[in-house]
Amino acid sequence: MSEIKATAKVAVLTGEKKIEVRKLPVPEINDDEVLVKVEGCGICGTDVHEYKGDPFGYIPIQLGHEGTGTIVKLGKNVTADYSGKPLNVGDKIVTGLKPCGVCDTCKKDPEHIHLCDGGEIFGLLPGEEHFFNGWFGEYIKINAGGVIFNFQALGQIHRL
Ligand SMILES: [Zn+2]
Ligand SMILES: [Zn+2]
């Protein structure tokens, strides 16, 4: 396991078609959060729309919401992924959204939280306070309540 860097690169969309790579201190995590070393990220059509014209008014934003990487630090309260599979440092994960927890879907239909009315998506959270909450960087911090899946659990998702 490589050591966690003190500073890491974050790709920030600072204007239309303008991405700045910044080097920032890697955030600490609390007991409910997870720090992941990014290993790859797709570029979604949504990323492209935002890059070309900021239709959502999100600038400045760190984009990238379809990534994968390895857990390098795990808050002590985070013991399992969304499907119940145990999580450990070294496990490879992907993210889902961070559901609102209060809409009808969240309350009554936890297997379909991707249909949540007010969920947040890592990589589509505007503002400096969310740098390191997107996948276009060296690390991503998964905030408390963020849905993550351990790779080995993917078979379980398909059975839902
Ligand atoms: Zn997407
Ligand atoms: Zn919801």
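The values are calculated or read from the model by the stated rules, or taken from the named source; none is laboratory data. Here the structure is a predicted model, which means the values were calculated and not measured. Cβ coordinates were reconstructed from backbone atoms using ideal geometry, including for glycine residues, and neighbour counts include every protein chain displayed.
For the reader, a short list of remarks on this structure follows.
- Every test in (1) more than 16 Å from ligand 2 (Cβ to nearest atom); (2) under 17 Å from Pro27 (Cβ atoms) is passed by Lys98 save one, and that test is (1).
- When Phe122, Phe132, Phe136 are checked against the criterion of being at pLDDT 95 or above, under 17 Å from the mean Cα position of the chain (by Cα) and within 16 Å of ligand 2 (Cβ to nearest atom), a single residue qualifies: Phe122.
- Cβ pairs under 9 Å, 6+ apart, first in the range 102-120 and hydroxyl-bearing (Ser, Thr, Tyr), second more than 6 Å from ligand 2 (Cβ to nearest atom) and part of a helix (DSSP H, G or I): Thr105/His112; Thr105/Ile113; Thr105/His114; Thr105/Leu115
- The residue that is farthest from ligand 2 (Cβ to nearest atom), among those in the range 40-60 that are within 16 Å of Leu97 (Cβ to Cβ) and among the hydrophobic types (A, V, I, L, M, F, W, C), is Cys41.
- Residues that are farther than 30 Å from Leu87 by Cα and acidic (Asp, Glu) were ranked within the range 40-73; the one that is surrounded by the fewest Cβ atoms within 10 Å (Cβ to Cβ) is Asp54.
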